[in-house]
Amino acid sequence: MDSTLAAVLGGVAGVALGALSVAAVVFSERSQTKVPVSPDPVVPPGVATVLSVLRSSAVVMGPEDQVLQASAPAHVLGIVRGNRLVVDDLLEMVREVRRDGQIQQRELEIVRGRLGATQYVSARVAPLGSQLVLVLAEDRTREKRLDAIRRDFVVNVSHELKTPIGALTLLADAVSEASDDPEAVQRFSGRMRIEASRLSRLVKEIIELSRLQGDDPLENPGPIDIGYVVEQAVDRCRVDAENRDISLVVKTDPGLEVLGSEDQLAIAIGNLVENAVNYSPDGTRVAVTAQPIGDLVEITVRDQGVGIPSSELERIFERFYRVDRARSRETGGTGLGLSIVKHISSIHGGDVRVWSVEGQGSTFTIRLPLRLDPATGHPAGDIFEVSPGLIKTPTPSSVSKEAAS
């Protein structure tokens, strides 16, 4: 081998050795800087099964604040999104438990959505092994609201009872002081009878509402002739209407029957008719109709009264809520009538709706399921056959036109 060939081969070998050295150095550096991947901690066997049967929202958190397991209620409650716990207060509790190893329990208020709806959550966070943390969350929103309603109910009842009782006390003192003035005694005793009547009515409606508000199923419901119940309800208000020259117009289709309580339905419809009379000007008309709409019966009470502001429509079925308190005192209203209507409709499997425009009157509609004939599956009674296309639900414009006629 000549010296030239030997030099070339030596150069090639040197280049090859240099390249291998560089590759070895690069591989060594990469192997030193690469972080070994550790597997996620394993959720203990059986935990998923336990979480699936819990009514509470349950979440198992890993050491990096990642969600490893979550029950379906946790997703429904909205505390978990993907593999993240999205409630900051809960996440803070998880980190405290991981740091201290102590069980944490708190009542949290979570603001949801653009409208700022508040959820009340009872949270309990506990360590689960050395790396995992268990989160249990219970939605207490409904319980909180019920507690608030009960408190408001007690406050409202106390206030409403205090007014007539205070008036009776003052009137009794006035009668005592005016014992030598027969006219004054007569006047004050008349006022006492009015306040006593208002107090009696208030107590009666409180008892009725307390009995109804559980929405318990009716005991031994029977077939009820809607036409007869409507006549009962209207008769209850006929004298007051005649005294103010308000005409009561009744139109009911024959044979309409529902299952329920005759007394309760008479109270519900009577409350609507009484309100319509009380809030209508003298010389106007109140129309009460009942007609089948598919497998339902619609009982509608229309008046030509003062109407209800649109901002108040959402609240008129609340207990003790009155749009015009001065007018309610004048008419003897307690603020419970519409709430009673709502509960009676509910326990009969129906609902109550309202349409109203200030200055044009109001229309209240109770919708109840018709009683079905067990043999045919069709509404029972003597209801005539009507093509579905011929039955129309009154629209606001048609209602106002009918009321004006």
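The values are calculated or read from the model by the stated rules, or taken from the named source; none is laboratory data. Since this is a predicted model, take the numbers as computed values, not measurements. Quick reminder, even Gly has a Cβ in these numbers, built from the backbone with ideal geometry, and neighbours come from all protein chains shown. Areas reflect the complete protein model, heavy atoms only, side chains present, ligands, DNA and RNA absent. Shrake-Rupley method; radii C 1.70, N 1.55, O 1.52, S 1.80 Å.
Would you call I344 assigned to a loop (DSSP other than H, G, I, E, B) and at pLDDT 75 or above?
For I344, the condition - assigned to a loop (DSSP other than H, G, I, E, B) and at pLDDT 75 or above - is not met.
Answer with yes or no whether V273 is over 18 Å from V352 (Cα atoms) and without any contact (Cβ under 8 Å) to a residue 60 or more places away in the chain.
Numbers: over 18 Å from V352 (Cα atoms): no; without any contact (Cβ under 8 Å) to a residue 60 or more places away in the chain: yes.
The answer is no for V273.
Taking region 278-290 as the range and being within 30 Å of the chain's Cα centre (by Cα), closer than 17 Å to I366 by Cβ and surrounded by 20 or more Cβ atoms within 10 Å (Cβ to Cβ) as the test, the residues that pass are V288, A290.
Scan region 68-88 for residues that are part of a strand (DSSP E or B) and open to solvent by less than 20 Å² (accessible area, probe 1.4 Å) and report the count. Please lay out each step first, then the result.
Applying the first criterion (part of a strand (DSSP E or B)) to region 68-88 yields 68-70, 80-81, 84-85.
Okay, now just the ones that are also open to solvent by less than 20 Å² (accessible area, probe 1.4 Å), so 80, 85.
Summing the residues that are part of a strand (DSSP E or B) and open to solvent by less than 20 Å² (accessible area, probe 1.4 Å) in region 68-88 gives 2.
Only one of the numbered conditions (1) assigned to a strand (DSSP E or B); (2) modelled with pLDDT of 85 or more; (3) open to solvent by 30 Å² or more (accessible area, probe 1.4 Å) is not met by R98, and that is (1). Scanning region 137-177 for residues that are modelled with pLDDT of 80 or more, over 30 Å from L54 (Cα atoms) and open to solvent by less than 90 Å² (accessible area, probe 1.4 Å) yields L168, T169, L171, A172, D173, A174, V175, S176. Looking only at residues in region 223-236 that are in contact with a strand residue (DSSP E or B) (Cβ under 8 Å, 6 or more places away or on another chain) and open to solvent by 20 Å² or more (accessible area, probe 1.4 Å), the one that is farthest from L248 (Cα to Cα) is P223. Restricting region 316-332 to residues that are part of a loop (DSSP other than H, G, I, E, B) and open to solvent by less than 20 Å² (accessible area, probe 1.4 Å), the residue that is modelled with the lowest pLDDT is G332. Looking across region 293-315, the residues that are open to solvent by less than 40 Å² (accessible area, probe 1.4 Å) and either within 27 Å of D225 (Cα to Cα) or in contact with a helix residue (DSSP H, G or I) (Cβ under 9 Å, 6 or more places away or on another chain) (or both) come down to I293, V297, E298, I299, T300, V301, R302, D303, G305.
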